[in-house]
Ligand SMILES: Nc1nc2c(ncn2[C@@H]2O[C@H](COP(=O)(O)OP(=O)(O)OP(=O)(O)O)[C@@H](O)[C@H]2O)c(=O)[nH]1
Ligand SMILES: [K+]
Ligand SMILES: [Mg+2]
């Protein structure tokens, strides 16, 4: 009986051998679905499997958390100390950091938790080193800094992305726009609102077959790939997380080399050791976290700009705002008066479900 990892390797090599064409589409679709199921098996902790963040997870504080992922000795801990003032041991030998080291940065009035993590190596997602525990922690963060050494950034970038991808993390990506509805009968009905250039009905049917789904409505609203379809079926084990590439150690390269680095999307060249360009890194962090600062205005008084209530974009209603201040406020809530970008009229009266924008000003009227 071969292990899950061996089965994965077998399927991967069969896929590599199989040319993609009309005749093999069904078979390839089936293989991809098989692969996704095996990978899920690998990631689901069974007993002492250690697939979760066991031993590596820490208490979460602040409104959002940022995890550091990178090869050993790229300068993650040096960056941690630089950003937060929280000392994390840094040294010239690999695997200096052995567990999660939490710290905090206050930015635009928001408390943001920073998690320095041990280095990972190629094969981490398959259980090499303690990579799986490390990536499991990153999977629960709101943002990942992929820290790269500028001396070999592109090769490392590919490897790290591959590790995260293999663990169900989708970076700088939205969930595929596919509406999937399982049904009791009626067969597989596929509709699409755009021309599909990467996938055909045979492949879709092969995937459904592999997942033993005989009836479903599948509405595809983007030029999806087989992998996108599988991501939708495996939605529970997928995390869509923004990434910033921190290209560290720019003090060790020339200006010409630095120019090239600026062409990498979502990348910020820095020197942790010298504190160079850390402001730009923090700005990128803020932008990617997509947080919303909401200022409270007591009735008849000026807004309090010193201490915003900071909300995440997926939980930014008036109700979330109330809950962030105190659990009982919602019970006495009558209405809210809002100034800012989330409303048409300045001010406007709104209810609990209204979604707030960054820098809105809110007065809560109680019953
Ligand atoms: N030249 C240069 N060296 C740096 C910079 N940042 C870190 N280093 C050096 O790189 C080495 C590794 O730094 P660490 O911060 O321990 O790296 P790490 O990624 O946390 O390493 P692990 O915890 O072992 O995975 C140390 O010798 C640092 O002094 C930088 O911006 N420039
Ligand atoms: K190190
Ligand atoms: Mg470290």
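Given 350, 362, 309, which one is surrounded by 16 or more Cβ atoms within 10 Å (Cβ to Cβ), over 28 Å from residue 61 (Cα atoms) and modelled with pLDDT of 95 or more?
Step by step, each of 350, 362, 309 is checked, and only 350 is surrounded by 16 or more Cβ atoms within 10 Å (Cβ to Cβ), over 28 Å from residue 61 (Cα atoms) and modelled with pLDDT of 95 or more.
Go through 111, 128 for me and flag whichever is in a loop (DSSP other than H, G, I, E, B), more than 8 Å from ligand 1 (Cβ to nearest atom) and surrounded by fewer than 15 Cβ atoms within 10 Å (Cβ to Cβ).
Of the residues listed, the single one that is in a loop (DSSP other than H, G, I, E, B), more than 8 Å from ligand 1 (Cβ to nearest atom) and surrounded by fewer than 15 Cβ atoms within 10 Å (Cβ to Cβ) is 128.
Quick grid of which residues meet (1) more than 16 Å from ligand 1 (Cβ to nearest atom); (2) modelled with pLDDT of 95 or more; (3) not assigned by TED's automatic domain parsing to the domain that holds residue 145:
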{"residue": "64", "(1), (2), (3)": "yes, yes, no"}
{"residue": "68", "(1), (2), (3)": "no, yes, no"}
{"residue": "77", "(1), (2), (3)": "no, yes, no"}
{"residue": "80", "(1), (2), (3)": "no, yes, no"}
{"residue": "83", "(1), (2), (3)": "no, yes, no"}
{"residue": "86", "(1), (2), (3)": "no, no, no"}
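Please go through (1) more than 24 Å from residue 67 (Cβ to Cβ); (2) surrounded by 16 or more Cβ atoms within 10 Å (Cβ to Cβ) for residue 299 and return the number of the only condition it doesn't satisfy.
Tallying (1) more than 24 Å from residue 67 (Cβ to Cβ); (2) surrounded by 16 or more Cβ atoms within 10 Å (Cβ to Cβ), residue 299 fails exactly one: (2).
Among the residues of the stretch 89-103, how many are under 21 Å from residue 140 (Cα atoms) and in a loop (DSSP other than H, G, I, E, B)?
Final tally of qualifying residues: 4.
What are the residues in the stretch 134-165 that are part of a loop (DSSP other than H, G, I, E, B) and under 16 Å from residue 289 (Cβ atoms), if any?
140, 141, 142
Of the numbered conditions (1) in contact (Cβ under 8 Å) with a residue 24 or more places away in the chain; (2) more than 16 Å from residue 130 (Cα to Cα); (3) assigned to a loop (DSSP other than H, G, I, E, B); (4) within 10 Å of ligand 2 (Cβ to nearest atom), residue 73 satisfies every one except a single condition; which is it?
Among (1) in contact (Cβ under 8 Å) with a residue 24 or more places away in the chain; (2) more than 16 Å from residue 130 (Cα to Cα); (3) assigned to a loop (DSSP other than H, G, I, E, B); (4) within 10 Å of ligand 2 (Cβ to nearest atom), the lone unmet condition for residue 73 is (2).
For the stretch 321-334, state whether one or more residues are touching a helix residue (DSSP H, G or I) at 6+ places or on another chain (Cβ under 8 Å) and assigned to a strand (DSSP E or B).
Checked the stretch 321-334: at least one residue is touching a helix residue (DSSP H, G or I) at 6+ places or on another chain (Cβ under 8 Å) and assigned to a strand (DSSP E or B).
How do the pairs read when you match residues in the stretch 217-228 that are within 9 Å of residue 199 (Cβ to Cβ) with residues anywhere that are at pLDDT below 95 and surrounded by 22 or more Cβ atoms within 10 Å (Cβ to Cβ), using Cβ under 6 Å and keeping only pairs 6 or more apart or on different chains?
Going by the 6 Å Cβ cut-off, the qualifying pairs are 226/29; 226/203.
Scan 205, 249 and give me the residue that is surrounded by 14 or more Cβ atoms within 10 Å (Cβ to Cβ) and at pLDDT 95 or above.
Criteria check complete, one pass: 249.
Do we find a residue being near ligand 3 (Cβ under 9 Å from one of its atoms) and touching a residue at least 12 places away in the same chain (Cβ under 8 Å) anywhere in the stretch 100-110?
So far as the stretch 100-110 goes, yes, one or more of its residues are near ligand 3 (Cβ under 9 Å from one of its atoms) and touching a residue at least 12 places away in the same chain (Cβ under 8 Å).
Is it true that residue 83 is within 16 Å of ligand 2 (Cβ to nearest atom) and over 21 Å from residue 132 (Cα atoms)?
The answer is no for residue 83.
The values are calculated or read from the model by the stated rules, or taken from the named source; none is laboratory data. Computed from a prediction, not measured in an experiment: that's the story for all the values here. Cβ: placed from backbone, ideal geometry, glycine included. Neighbour counts: every protein chain shown.
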